[in-house]
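The values are calculated or read from the model by the stated rules, or taken from the named source; none is laboratory data. It should be emphasised that the depicted structure is a prediction, and the values quoted were computed from it without experimental measurement. Here the Cβ positions follow ideal geometry from the backbone for every residue, glycine too, while neighbour counts run over all protein chains shown.
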Amino acid sequence: MTLGISGFAESVYRAMLADPTGGVQELAVRLGATEKQIRHALDQLADLALLTDDDAGGGVRVVRPTVGLGALLARAEAEMLERQRQLAAARDAIAAIALEQGRQSQREKSVRLEGIDAVRARLEDLSRGARVECVSLNPRNAQTSDAKAASSRLNEQMMARDVQLRCIYQESCRNEPALVSYARWLTALGGHLRTVSTVPMLAIVYDREVALLPLDPANSRLGALEVRSPGVVAAVLALFAELWSSAVPFGDAAPVDANGLDPQNRQMLELLAGGQTDEMASRKLGVSLRTARRMAADLMERLQARSRFQAGVEAARRGWI
């Protein structure tokens, strides 16, 4: 179970539901634990409002799951929705600037860079002038061999000047040998690299002053928009910080939760619950269509669901997402 309840506290809670009359000593004997461990678990359950004072008996009374766990689930869902709202707001801010690039050019101090050659030339100038840091969002569709070759020398030069490099890649990149090799090289030089299930778009920010955003998120070779507007740069950095906080450092195994789900599988369940097709899920996760279909089929089998949407609904009902 998730919802902030430890595994041992859950065992205590289940034991109290089965026999509400048992005291601390009886619980300790039944669960093979010390009384100190039982009392610590009871404190945690009380903090989560799963125990309440028993006015009649003077002790404590266990709260029914439909009430206590329902309240915890509602709070967790509210927190998840708020986080999704914040991410959506940041993405909308970036998309709005990209769509209004021509009209906003002077007011927002933006420059349109047409074509991949113009972008790479500008990247070289900005990398050479970087003083403190460079952060980047790197979706799977932008990780071509020529892009990595072009950026390797620039990244090496920046780190040689003690410019901090922080990069977010998609989890699916861990399955690509060339990208794994590049990531190991980058981290060995002192770069910091983490992965998340989905990266919404390509973005690079130098020294918290200038951001490069693609003209078309689906095709970075068409060109980019160089933006120096403080509001836009702040929006990109907010999105980066939000993703960075939950990302997995390269070299670490992706964490698996109590339900046996890694971040990529949880993201797939959220996409299924939202009615996304296998094709859309494969693009967002940066995996092949065949892999997306296999992931969906495996999750459906685990959830005993007959459709992808039913799998998403059942996962939400069980508290998996």
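Observations on the structure shown:
- Qualifying residue in region 267-275 (condition: farther than 30 Å from residue 97 by Cα, outside the structural domain of residue 93 (by TED's automatic domain parsing) and not polar (S, T, N, Q)): yes
- Condition met for residue 306 (of a type in the set (Lys, Arg), free of Cβ contacts under 8 Å to residues at least 40 places away in the same chain, part of a loop (DSSP other than H, G, I, E, B) and loosely packed, with under 13 Cβ neighbours inside 10 Å): yes
- Candidates 122, 184, filtered to the one that is in contact with an Asp or Glu (Cβ under 8 Å, 6 or more places away or on another chain), at pLDDT 85 or above, assigned to a helix (DSSP H, G or I) and in the same structural domain as residue 243 (by TED's automatic domain parsing): 122
- Whether a residue is part of a helix (DSSP H, G or I), under 15 Å from residue 199 (Cβ atoms) and touching a Ser or Thr at 6+ places or on another chain (Cβ under 8 Å) was assessed, and residue 245 does not pass this test.
- Answer from 26, 10 - the residue that is at pLDDT 75 or above, buried (at least 16 other Cβ atoms within 10 Å of the Cβ), among the charged types (D, E, K, R) and part of a helix (DSSP H, G or I): 10
- Considering each residue of region 59-76 in turn, none proves to be within 31 Å of the chain's Cα centre (by Cα) and modelled with pLDDT of 75 or more.
- In this structure, residue 241 does not qualify as modelled with pLDDT of 85 or more, surrounded by 20 or more Cβ atoms within 10 Å (Cβ to Cβ) and in the same structural domain as residue 114 (by TED's automatic domain parsing).
- Residue match in region 218-234 (condition: at pLDDT below 85 and outside any strand (DSSP E or B)): yes
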